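The values are calculated or read from the model by the stated rules, or taken from the named source; none is laboratory data. No experiment lies behind these values; they were computed from the predicted model shown. Quick reminder, even Gly has a Cβ in these numbers, built from the backbone with ideal geometry, and neighbours come from all protein chains shown. For accessibility, only protein heavy atoms count, side chains too; no ligands or nucleic acids. Shrake-Rupley method; radii C 1.70, N 1.55, O 1.52, S 1.80 Å.
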2 protein chains.
Amino acid sequence: MFTDEYYMKIALQQAKDAFKRDEVPVGAIIVSDNKILAKAYNLTELLVDVTAHAEMQAITAASNVLGAKYLTNCILYVTLEPCTMCAGALYWSQISRVVVGASDEKRGFQSKGLSLHPKTEYVSGILEDECALLLKNFFGSKR
Amino acid sequence: MFTDEYYMKIALQQAKDAFKRDEVPVGAIIVSDNKILAKAYNLTELLVDVTAHAEMQAITAASNVLGAKYLTNCILYVTLEPCTMCAGALYWSQISRVVVGASDEKRGFQSKGLSLHPKTEYVSGILEDECALLLKNFFGSKR
């Protein structure tokens, strides 16, 4: 039951909530031992803050729940490949696993030649089409 | 009077405040039209949050003061070269100028091959020795 697809669907629901609020639709959750510690979506417009990406909020919230700076027993599910900023934050967090929906060929950390922490396992392409379609629809509606 | 050294001294005072609180001593301020919009220092231990670097807090605070997501008429003074995460945040902010004290050869964004936004001017080495000495003393005290 607790598959990557299961958790990515929950992250995708966060992204859909972002869309409804006219935010770039990216959602993220952090899971530990099959418990969801944090749910977040991009809030850069509402918070008027370029740092308010879904991943950043999820990291802060999960640390808050755990009372721990390092997320060494946690998994991040995020609907879009993290940017440089978020990949940098994930590096510091030493998170054990990062699971991504859609790739971001232009802004994603991999296109910048960056790596996550050596302790971090990386998986991509989970519900990729659904995650990408939501973003495509969002940016299409802006033209 | 309002030289880079003048503002870096204020950022350095923030770093010294961090040191007193047993935080890695990095300080940052954001200035616009010679007004200081934000002062911050690293608070990763107190906030139990790897994202609480001085620069991240300063960006969020300056945007809050300005009511604007983009810091296109702002200068960041920071005592240590930004890491990947902070450089990524600075990229999104489109800040006009970044002034750095000490370089960070191991963790600095330049060692990762990253660049700031094309609109961002970059200056390094302002009060470099003082900024670096504070960090050296901090890590020396931990051994």
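Which residues, counting only those in the stretch A:103-131, are more than 14 Å from every other protein chain (Cβ to nearest Cβ), assigned to a helix (DSSP H, G or I) and surrounded by fewer than 24 Cβ atoms within 10 Å (Cβ to Cβ)?
Selection gives A:Glu128, A:Asp129, A:Glu130.
Just give me the residues in the stretch B:88-102 being in contact with an Asp or Glu (Cβ under 9 Å, 6 or more places away or on another chain) and either more than 7 Å from chain A (Cβ to nearest Cβ) or part of a strand (DSSP E or B) (or both), in sequence order. Can you show your working first?
Keep residues of the stretch B:88-102 that are in contact with an Asp or Glu (Cβ under 9 Å, 6 or more places away or on another chain), which gives B:89-90, B:96-102.
Residues satisfying the conditions are B:Leu90, B:Ser96, B:Arg97, B:Val98, B:Val99, B:Val100, B:Gly101, B:Ala102.
I'd like the residue in the stretch B:29-60 that is in contact (Cβ under 8 Å) with a residue 40 or more places away in the chain and within 14 Å of chain A (Cβ to nearest Cβ) and, out of all such residues, is farthest from B:Lys16 (Cα to Cα).
First pass over the stretch B:29-60, keeping only residues in contact (Cβ under 8 Å) with a residue 40 or more places away in the chain: B:29-33, B:54.
After this cut, where a residue has to be within 14 Å of chain A (Cβ to nearest Cβ) as well, the list is B:30, B:54.
On the way: B:Ile30: 17, B:Ala54: 12 Å.
That would be B:Ile30.
So which residues in the stretch B:61-87 are within 9 Å of another protein chain (Cβ to nearest Cβ), of a type in the set (A, V, I, L, M) and touching a Phe, Trp or Tyr at 6+ places or on another chain (Cβ under 8 Å), if there are any at all?
Scanning the stretch B:61-87 gives B:Met85, B:Ala87.
Can you find a residue in the stretch B:30-37 that is under 13 Å from the mean Cα position of the chain (by Cα) and either in a strand (DSSP E or B) or closer than 17 Å to A:Leu90 by Cα (or both)? If you could, list the steps in order and put the result at the bottom.
Let us first name the residues in the stretch B:30-37 that are under 13 Å from the mean Cα position of the chain (by Cα), namely B:30-31.
Checking the rest, the ones that are also either in a strand (DSSP E or B) or closer than 17 Å to A:Leu90 by Cα (or both) come to B:30-31.
The answer is yes, given that some residue of the stretch B:30-37 is under 13 Å from the mean Cα position of the chain (by Cα) and either in a strand (DSSP E or B) or closer than 17 Å to A:Leu90 by Cα (or both).
Filter the stretch B:48-61 down to residues that are out of contact with any Ser or Thr (no Cβ under 8 Å at 6 or more places or on another chain) and not in a helix (DSSP H, G or I), then give me how many there are.
Within the stretch B:48-61, residues that are out of contact with any Ser or Thr (no Cβ under 8 Å at 6 or more places or on another chain) and not in a helix (DSSP H, G or I) number 0.
Take B:Phe138 and decide whether it is touching a Pro at 6+ places or on another chain (Cβ under 8 Å) and either surrounded by fewer than 19 Cβ atoms within 10 Å (Cβ to Cβ) or at pLDDT below 95 (or both).
Values: touching a Pro at 6+ places or on another chain (Cβ under 8 Å): yes; either surrounded by fewer than 19 Cβ atoms within 10 Å (Cβ to Cβ) or at pLDDT below 95 (or both): yes.
When the stated conditions are applied, B:Phe138 passes them.
Checking B:Lys69 against (1) surrounded by fewer than 16 Cβ atoms within 10 Å (Cβ to Cβ); (2) within 30 Å of A:Leu116 (Cβ to Cβ); (3) basic (Lys, Arg), which test does it fail?
Unmet for B:Lys69, out of (1) surrounded by fewer than 16 Cβ atoms within 10 Å (Cβ to Cβ); (2) within 30 Å of A:Leu116 (Cβ to Cβ); (3) basic (Lys, Arg): (1).
Tell me yes or no: at least one residue of the stretch A:65-77 is of a type in the set (Ser, Thr, Tyr), farther than 18 Å from B:Ala89 by Cβ, in contact (Cβ under 8 Å) with a residue 40 or more places away in the chain and in a strand (DSSP E or B).
Of all residues in the stretch A:65-77, those of a type in the set (Ser, Thr, Tyr) come to A:70, A:72, A:77.
This time we only want the ones that are farther than 18 Å from B:Ala89 by Cβ, so: A:70, A:72, A:77.
Among the residues that remain, those that are also in contact (Cβ under 8 Å) with a residue 40 or more places away in the chain are: A:72, A:77.
Next cut, in a strand (DSSP E or B) only: A:77.
Yes, the conditions are met somewhere in the stretch A:65-77.
Taking only the stretch B:9-28 into account, find how many residues are of a type outside the set (Phe, Trp, Tyr) and either within 14 Å of chain A (Cβ to nearest Cβ) or open to solvent by 30 Å² or more (accessible area, probe 1.4 Å) (or both).
Quick first cut of the stretch B:9-28, residues of a type outside the set (Phe, Trp, Tyr) only: B:9-18, B:20-28.
From what's left, either within 14 Å of chain A (Cβ to nearest Cβ) or open to solvent by 30 Å² or more (accessible area, probe 1.4 Å) (or both): B:9-10, B:13, B:16-17, B:20-24, B:26, B:28.
Within the stretch B:9-28, residues that are of a type outside the set (Phe, Trp, Tyr) and either within 14 Å of chain A (Cβ to nearest Cβ) or open to solvent by 30 Å² or more (accessible area, probe 1.4 Å) (or both) number 12.
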